[in-house]
Amino acid sequence: MHDLRRTVATRMAELGVPLEHIGRVLNHAPRGVTATVYDKHTYVPEKRRALDVWANYLKSIVELEEASNVVNLRGN
């Protein structure tokens, strides 16, 4: 399970998602007084954008596979 989380975090970083938002997507606890006491923002919009970036990345992989020379063995 942690390999999947590591892969998601690594690819999101490569795709330009800020590390703070990646941490929020992975539900890591924020650190520091400002983050734990004063910042009560939910980061829902930022997490949504990060997950949209990830979804688009996965979609591009699937579309690339469909457009490649991979032979379907199911006979379809």
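When restricted to residues that are within 13 Å of LEU51 (Cβ to Cβ) and either acidic (Asp, Glu) or assigned to a helix (DSSP H, G or I) (or both), region 1-27 contains 8. Do we have any residue at all in region 22-35 that's at pLDDT below 95, more than 11 Å from the chain's Cα centre (by Cα) and of a type in the set (A, V, I, L, M, F, W, C)? Within region 22-35, one or more residues are at pLDDT below 95, more than 11 Å from the chain's Cα centre (by Cα) and of a type in the set (A, V, I, L, M, F, W, C).
Residues that are exposed (fewer than 14 other Cβ atoms within 10 Å of the Cβ), closer than 19 Å to ILE61 by Cβ and in contact (Cβ under 8 Å) with a residue 24 or more places away in the chain do occur in region 11-29.
Scanning region 35-51 for residues that are over 12 Å from HIS21 (Cα atoms) and not in a loop (DSSP other than H, G, I, E, B) gives ALA35, THR36, VAL37, TYR38. Restricting to region 1-10, name every residue that is charged (D, E, K, R) and either touching a strand residue (DSSP E or B) at 6+ places or on another chain (Cβ under 7 Å) or surrounded by 11 or more Cβ atoms within 10 Å (Cβ to Cβ) (or both). Correct list: ARG5, ARG6.
The values are calculated or read from the model by the stated rules, or taken from the named source; none is laboratory data. Only a predicted model underlies this, so the values are computations on that prediction, with no experimental measurement involved. Note: ideal-geometry Cβ built from the backbone for every residue, glycine included; neighbour counts use all protein chains shown.
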